[in-house]
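Report on the following structure.
The values are calculated or read from the model by the stated rules, or taken from the named source; none is laboratory data. Small disclaimer: the values here were computed from a predicted structure and weren't measured. Please note: Cβ atoms are built from the backbone with ideal geometry, for glycine as well, and neighbour counts cover all protein chains shown. These area figures cover heavy atoms from the full protein model, side chains too; ligands, DNA and RNA do not enter into them. Shrake-Rupley method; radii C 1.70, N 1.55, O 1.52, S 1.80 Å.
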Amino acid sequence: MECRRFEITLVSASDLEDVRKLFKMKVHARVSVGSNPNTEKRTPTDKHGEINPAWNFSMKFTISESMIHYPNDMLVIKLYCKRKLGDRYIGEMHMSMKELYEYSYANGGSAIMTCPVLKGSAQSQGILRFSYRFGEKVTIDKLVLAESVAGWSMC
């Protein structure tokens, strides 16, 4: 099986919709790759930036080579405001892994993106900044992959 490392650094967001009128907004992001919900990872909560959170937080994923060849596998970044009664949804950004790869390929496999934050089908308020890079393609023996998939795929 052919795989690649995918590393993303969530830098910041700015001018987000203030979904918390009485108290300070404390924002975190949840990131997933592809259709497997088990890949979701999250940033620490920014407790000071409110509508302009900054994380500068890196995450690593292992993706199959096929994810960069088909437009259906998506990078999804969802933003939430932390609350005691449950996190409140702020908005999200979707982009095809294929599109990300093609954009970064011209830049040596890495890029910096600034994307609008969406809420539903309409553009919400705010933008999200992140950088990312793709590692080299590696081939992994299926037996080795089967033995170590739980720990290795969620690096």
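Tabulated data for the structure shown
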{"quantity": "Residue in the range 29-48 that is among the charged types (D, E, K, R), farther than 11 Å from residue 82 by Cβ and over 13 Å from the mean Cα position of the chain (by Cα) present", "calculated": "no"}
{"quantity": "Filter result for residue 59 (touching a strand residue (DSSP E or B) at 6+ places or on another chain (Cβ under 6 Å), among the hydrophobic types (A, V, I, L, M, F, W, C) and over 14 Å from residue 98 (Cβ atoms))", "calculated": "yes"}
{"quantity": "Checklist (1) open to solvent by less than 30 Å² (accessible area, probe 1.4 Å); (2) closer than 22 Å to residue 19 by Cα; (3) touching a residue at least 40 places away in the same chain (Cβ under 8 Å) applied to residue 88, failing item", "calculated": "(1)"}
{"quantity": "Residue that is aliphatic (A, V, I, L, M) and in contact with an Asp or Glu (Cβ under 8 Å, 6 or more places away or on another chain), where the choices are 8, 51", "calculated": "51"}
{"quantity": "Residue that is most open to solvent (accessible area, probe 1.4 Å), among those in the range 1-29 that are modelled with pLDDT under 90 and hydrophobic (A, V, I, L, M, F, W, C)", "calculated": "22"}
{"quantity": "Any chance residue 25 is in contact (Cβ under 8 Å) with a residue 12 or more places away in the chain, farther than 15 Å from residue 117 by Cα, of a type in the set (A, V, I, L, M) and in a loop (DSSP other than H, G, I, E, B)", "calculated": "yes"}
{"quantity": "In the range 100-138, the residues that are assigned to a loop (DSSP other than H, G, I, E, B) and open to solvent by 70 Å² or more (accessible area, probe 1.4 Å)", "calculated": "106, 107, 108, 121, 136, 137"}
{"quantity": "Filter result for residue 36 (open to solvent by 70 Å² or more (accessible area, probe 1.4 Å), without any contact (Cβ under 8 Å) to a residue 24 or more places away in the chain and under 30 Å from residue 137 (Cα atoms))", "calculated": "yes"}
{"quantity": "Single unsatisfied condition, residue 49 versus (1) modelled with pLDDT of 95 or more; (2) open to solvent by less than 30 Å² (accessible area, probe 1.4 Å); (3) not acidic (Asp, Glu)", "calculated": "(1)"}
{"quantity": "Residue count, the range 1-19 (criterion: closer than 14 Å to residue 112 by Cβ and more than 19 Å from the chain's Cα centre (by Cα))", "calculated": "0"}
{"quantity": "Subset of the range 51-69 (residues that are under 12 Å from residue 13 (Cα atoms) and in a strand (DSSP E or B))", "calculated": "54, 55, 56"}
{"quantity": "Among (1) more than 20 Å from residue 135 (Cα to Cα); (2) crowded, with 16+ Cβ neighbours inside 10 Å; (3) in contact (Cβ under 8 Å) with a residue 40 or more places away in the chain - the single one residue 75 does not satisfy", "calculated": "(1)"}
